[in-house]
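The values are calculated or read from the model by the stated rules, or taken from the named source; none is laboratory data. Fair warning: this is a prediction, and the values are worked out from it, not measured in the lab. Note that we place each Cβ from the backbone using ideal geometry, even for glycine, and neighbour counts take in every protein chain shown. All accessible areas refer to the heavy atoms of the entire protein, side chains included, with ligands and DNA or RNA removed. Shrake-Rupley method; radii C 1.70, N 1.55, O 1.52, S 1.80 Å.
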Amino acid sequence: MLTIKILGSGCANCKRLEQLTRKVVDQLSIEAEVVKVTDPTTYSDYGILATPGLVVNGKTVSSGRIPSMAEITTYLTNELASS
């Protein structure tokens, strides 16, 4: 099972990233826990300087922008393949 973290304050971009990520998880029919992290003191733990941030199994894969669904799919499938 993947652990996916969406880092951000809850702004429109953060919410959009969460929606896209959940959609990809559903389309891939994979088991994943999607967690919203809104505490800015934890962002630096993942090297996030700008939100939204996307972390998959503890690895930061995107920050400061909203990746496309294709990019999110690639991040998740790569992590599944390496697990």
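A few remarks follow.
- Scan of region 1-12 for residues that are buried (at least 16 other Cβ atoms within 10 Å of the Cβ) and among the polar types (S, T, N, Q), ordered by number: none
- In region 1-18, the residues that are in a helix (DSSP H, G or I) and within 10 Å of the chain's Cα centre (by Cα): C14, L17, E18
- Which numbered condition K59 fails, given (1) of a type outside the set (S, T, N, Q); (2) in contact with a Ser or Thr (Cβ under 9 Å, 6 or more places away or on another chain); (3) without any contact (Cβ under 8 Å) to a residue 60 or more places away in the chain: (2)
- Reported count of residues in region 17-49, each being open to solvent by 50 Å² or more (accessible area, probe 1.4 Å) and touching a residue at least 12 places away in the same chain (Cβ under 8 Å), is 12.
- When T60, T73, T51, T41 are checked against the criterion of being on the phi < 0 side of the Ramachandran plot and assigned to a strand (DSSP E or B), a single residue qualifies: T60.
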